[in-house]
Amino acid sequence: MTTTVETPELIEPEEPGGPDGHGPSDHGHGGEHAEHGPTGLLKWLTSTDHKVIGKSYMITSLVTFFISGAMALVIRAQLANPTSSLVNFQTYNELFTMHGSLMLYLFAGPFAFGGLANYIVPLQVGAPDMAYPRLNALSYWLYLGGASMMTLSFVVAGGAASFGWVAYAPLSNSINSPGAGTDMWLMSLGLTGFSAIFTGVNLVATVFYLRAPGMTMFRIPIFSWNMLVTGILILIAFPVLFGAVVMLFCDRHFGTHIFSVQGGGVPVLWQHLFWFFGHPEVYILALPYFGIVTDIIPVFSRKPLFGYRGMVFATLSIAALSTGVWAHHMFTTGVVLLPFFSLLSYLIAIPTGIKFFNWVGTMWGGQLSFQTPMLFSIGFLFAFLMGGVTGVLLASPPVDFMTHDTYFVVAHFHQVLIGTTVFAGFAGFYFWYPKMFGRMLNERLGKIHFWLLFIGFWLTFIPQYIVGLKGMPRRVADYLTSNGWTGLNQLSTVGAMVIGVSFLFFLVNLVQSWRKPVLAGDNPWDGGGLEWFTSSPPPHHNFTHLPPIRSERPVWDYNHPEHRKDESHGDKRHREHEKETVGASS
Amino acid sequence: MNAFTNGSPTSLLARDPSSDAHPAGPSDPARGRRWKRLAVGLAIGAPLVLGGCNFYPTYGASRGVTTQGQDTFKLYSGMMTTGIIIGGFVGILILYTVLRYRRRSDDMPKQFHESIPIEILYTAIPVFVVAVLFLFTVLTENNVDATVPNNARITTTGAPVLEVKITAFQWGWRFDYPNNNVSVSGEVTDGPGGLGPQMVLPVGETVQILLVSNDVIHGFYVRDFNFSRYALPGVQNRFDLNIIKPGLFPGQCTQICGLYHSEMLFTVKGVTPSDFATWTTSEIAAGHTLQRYPVPAANTPPPYTHVTPSNALAAPSAKKGSL
Ligand code: HEM
Ligand SMILES: [Cu+2]
Ligand SMILES: [Cu+2]
């Protein structure tokens, strides 16, 4: 099938120049340094290798994912019956607050930009490491501190924070939430916020300055492109969150009245600041995962991405628009300009639609194979499609009035968030796991994981849409038999348990890959990005040599020279060339 | 079979129960109606629509028992139909692609990677869809959000518009009727078995709600009104309700407000104007007057009067046209 016609010349990777032109300042001495460094635990503690940090990030964030998922199951168990008393009100409020906070602040973002991106972006752009390796290490340790702080807030007197992941003032002030749990929650946001900012700096600098020779901006794989844009969004959004957190902390402890009416402050200001962070955050959580599926679908379709430039411009416009739609979370406050925020929110549907058609265009005419990463990517397409459509409904203020803070919204954002962070996130995990650990995950277990998750997912969230439309508010610990919400809630609970079971197969898969490893080789999926050119796992500083980079999938070009698109030929001749080779390839 | 005889007339006509006799309003709302007909035309694609007696499928929502709620419902239903058509199209397209192009051989597929005309097409179509949806959104929003001037004489009897001040607090509701010197208040005392305090409102009249909070943020939400609004400390939120039929409509706080948020229930009871008058008399006789429960002074928010910008921007809307 893939006869190598000619082997292009390989190029030695240059020691890349940092932003200052002298190489990254805190970079150490290249290759030799690897052999002499400390070993074992000390190596892990002192490592500045993006691959080690990436793996640490991934493991930590997966742990928070499982803790938080367990909380979701307790929440669902509580809601399986009306006036249930599995947990009390206080515990319930802590549970959904911590579930949401762990998922969003500790899992969804860090798994993407601290975990997968940290590991993969330097590989994809052909760099030996992140631009600022020590900053990268600091980022992880701040994150670990923040994650521990938030998780441990459960055990302090007064319990964990219990005001929802958005911490609206004045419920989050010192009168209504006096406990130390709230302060730990705030400090955790400060720590993980800075860790995100540092990773954002690193991603932007790495993609801008550490690209291998030939890797022009329009040859960067979409995952790395999206991580660049995510990095920029992080730099826009997280400082605002940090500012808001500091203000709330001052209100709580230093007698300021920024968010309290009694002292002349404005509670709604918190919502403005929070959502000015919060909506870009939604895309900080989504763009990396869009990038993952955009990288996976071409590989398993054996085709290049359809509409590469359209994809990049769609990502850029989504990012730009996302900074101007924050008040769509505040339609029901009655104090925001509805038409403006509604219009901008609607506009986001356009670039998002472009992405969908590009994904379909990529599969169109391809030779699709359904290994686990591809299955998860297709699962993402369906989940995100429905989440996206219901999101367009919510961009309409009257429709938002009727559904805001009901289970309709809960179902909407879970379809989006699970579509991205779980379906696409685990697609990426199954896809890159062989690269990161040099061993394959079991396909059979992967497929069982997918199908159970897929079934459980729809079973959990479709009933939630309906129960929301029947009037069930979110964040309630119980409801009445007379509400008529019981059956739908029970379906949802069963679905959640199925999701829970699906992850057992994931864990078994991990264990099995360690006990009976199946070696992966450098490029098990016939991938096209530079990450597939080096060994699995890659050596210290990643590459010993690089292929020539003439498109966004240099390794594919290298392995399939008969199909290579040579940009110097110009479009027309390129197409003719394509015709010849298609016939010749079979 | 006819959408306009089925309890879902346009907001203008439903404004007042006797509106059948009224001439059509000024040109603005008439244009709104035409646009709505167009929306209806767009929605016809769904077989569901043609099957049922009611023109607008509910898709699980309430049809609304206020004129505002009915407007919102129609927008929701139209958008849902549009969403099902578009989402269904894309979903089927994905499914078709996935099944049609599953790997059947080791042949290398054609390596095409762009098609500018198609890309332009699938950028332009969403632009058009979004523009249409936004148009209907604005039209509905102006109706739903419109409030009559405070001192307007709007009811059939020529009395001032009935104002009800709703104060949300941890954890309960207080309903003050300044025009009638009545005050009803209820806390979460009887646990999940109770349905909370009751707000009695006359059917067929304009009620203006002044929504405030005494402590944290709460959410005023009645499912059958298809409407919710935050009760924000320091903000005076106003909105109008025109209930069209008597009945009991359960409501609940939707914004997390602390420990007993789940129990913060209330009900709205729609009664005829004469029953309403009887009710106020009996409440006064029972001593449920404004003086009986003064609003706690300490937490009274400072004046921070607010005009909803969209209200300020709204053209003289359908509702005002029927004054
Ligand atoms: C594993 C399957 C999951 C189930 C069964 C589940 C279930 C739930 C439930 C029952 C609630 C409480 C709703 C309420 O009381 O209002 C909730 C809230 C929430 N979930 Fe999930 N969830 C899951 C996964 C996720 C994921 C992956 C994310 C994000 C990446 C997420 C983010 C949230 C957020 C942000 C909230 C809102 C918390 C709040 O109200 O403050 N969930 N989830
Ligand atoms: Cu948003
Ligand atoms: Cu509440």
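Of note:
- Elements of type helices (runs of 4 or more DSSP H) in region A:216-326, at least 2 residues being buried (at least 24 other Cβ atoms within 10 Å of the Cβ), within 16 Å of ligand 1 (Cβ to nearest atom) and within 14 Å of another protein chain (Cβ to nearest Cβ): A:267-301
- Region A:327-337, subset in contact with a Leu (Cβ under 9 Å, 6 or more places away or on another chain) and aliphatic (A, V, I, L, M), residue least open to solvent (accessible area, probe 1.4 Å): A:Ala327
- Summed over region B:181-213, residues that are at pLDDT 85 or above and open to solvent by 40 Å² or more (accessible area, probe 1.4 Å) total 2.
- B:Thr97 open to solvent by less than 10 Å² (accessible area, probe 1.4 Å), among the polar types (S, T, N, Q) and at the interface with another protein chain (Cβ under 7 Å from one of its Cβ atoms): yes
- Test: A:Val121 is open to solvent by less than 10 Å² (accessible area, probe 1.4 Å) and at pLDDT 95 or above: yes
- Region A:540-557 - residue that is among the aliphatic types (A, V, I, L, M) and outside any loop (DSSP other than H, G, I, E, B) and, of those, surrounded by the fewest Cβ atoms within 10 Å (Cβ to Cβ): A:Val555
- Applying the condition of being open to solvent by 10 Å² or more (accessible area, probe 1.4 Å) and within 22 Å of the chain's Cα centre (by Cα) to region B:252-266 and asking which residue is nearest to ligand 3 (Cβ to nearest atom) yields B:Gln252.
- Residues of region A:340-390 that turn out to be assigned to a helix (DSSP H, G or I) and more than 7 Å from chain B (Cβ to nearest Cβ), as a count: 25
- Selection count where residues are within 9 Å of chain B (Cβ to nearest Cβ) and away from ligand 1 (no atom under 16 Å from the Cβ), scope region A:327-339: 7
- Test for A:Pro133: is it touching an Asp or Glu at 6+ places or on another chain (Cβ under 6 Å) and either under 29 Å from A:Leu316 (Cβ atoms) or open to solvent by 30 Å² or more (accessible area, probe 1.4 Å) (or both): no
- Qualifying positions in region A:90-138 - more than 17 Å from the chain's Cα centre (by Cα) and either more than 25 Å from A:Thr544 (Cβ to Cβ) or within 16 Å of ligand 3 (Cβ to nearest atom) (or both): A:Gln90, A:Thr91, A:Tyr92, A:Asn93, A:Glu94, A:Leu95, A:Phe96, A:Thr97, A:Met98, A:Leu135, A:Leu138
Yes/no per residue for (1) open to solvent by less than 10 Å² (accessible area, probe 1.4 Å); (2) on the phi > 0 side of the Ramachandran plot; (3) within 16 Å of ligand 1 (Cβ to nearest atom):
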| position | (1), (2), (3) |
| --- | --- |
| B:His218 | yes, no, yes |
| B:Asn226 | yes, yes, no |
| B:Leu232 | yes, no, no |
| B:Phe239 | yes, no, no |
| B:Leu248 | no, no, no |
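- The listed residue being within 16 Å of ligand 3 (Cβ to nearest atom) and either open to solvent by 10 Å² or more (accessible area, probe 1.4 Å) or under 26 Å from B:Pro250 (Cα atoms) (or both), out of A:Thr486, A:Thr406: A:Thr406
Let's see how each residue does on (1) within 16 Å of ligand 2 (Cβ to nearest atom); (2) of a type in the set (S, T, N, Q); (3) at pLDDT 95 or above; (4) assigned to a helix (DSSP H, G or I):
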{"residue": "A:Ser61", "(1), (2), (3), (4)": "no, yes, yes, yes"}
{"residue": "A:Phe66", "(1), (2), (3), (4)": "no, no, yes, yes"}
{"residue": "A:Pro110", "(1), (2), (3), (4)": "no, no, yes, yes"}
{"residue": "A:Ala127", "(1), (2), (3), (4)": "no, no, yes, no"}
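- Single match in B:His261, B:His306 (criterion: modelled with pLDDT of 50 or more and either in contact with a His (Cβ under 6 Å, 6 or more places away or on another chain) or closer than 28 Å to A:Val336 by Cα (or both)): B:His261
- The listed residues are A:His404, A:His412, and the only one of them that is within 14 Å of chain B (Cβ to nearest Cβ) and in contact with a strand residue (DSSP E or B) (Cβ under 7 Å, 6 or more places away or on another chain) turns out to be A:His404.
- A:Gly164 vs. criteria in contact with a Gly (Cβ under 6 Å, 6 or more places away or on another chain) and within 14 Å of chain B (Cβ to nearest Cβ): no
- The one condition in (1) modelled with pLDDT under 90; (2) open to solvent by 30 Å² or more (accessible area, probe 1.4 Å) that B:Thr123 fails to fulfil: (1)
- Single residue of region A:445-480 satisfying the filter (open to solvent by less than 10 Å² (accessible area, probe 1.4 Å) and among the β-branched types (Val, Ile, Thr)) that is nearest to A:Leu491 (Cα to Cα): A:Thr460
- Yes/no for A:Phe401 being buried (at least 24 other Cβ atoms within 10 Å of the Cβ) and in a helix (DSSP H, G or I): yes
- Restricting B:Gln236, B:Gln255 to those that are within 7 Å of chain A (Cβ to nearest Cβ) and either within 16 Å of ligand 2 (Cβ to nearest atom) or farther than 15 Å from B:Ser62 by Cβ (or both) reduces the list to B:Gln255.
The values are calculated or read from the model by the stated rules, or taken from the named source; none is laboratory data. Quick caveat, the model's predicted, so the values are computed rather than measured. Every residue, glycine as well, gets a Cβ built from its backbone with ideal geometry; the counts of neighbours run over all protein chains shown. Ligands, DNA and RNA are excluded from the accessible area calculation, which covers all protein heavy atoms including side chains. Shrake-Rupley method; radii C 1.70, N 1.55, O 1.52, S 1.80 Å.
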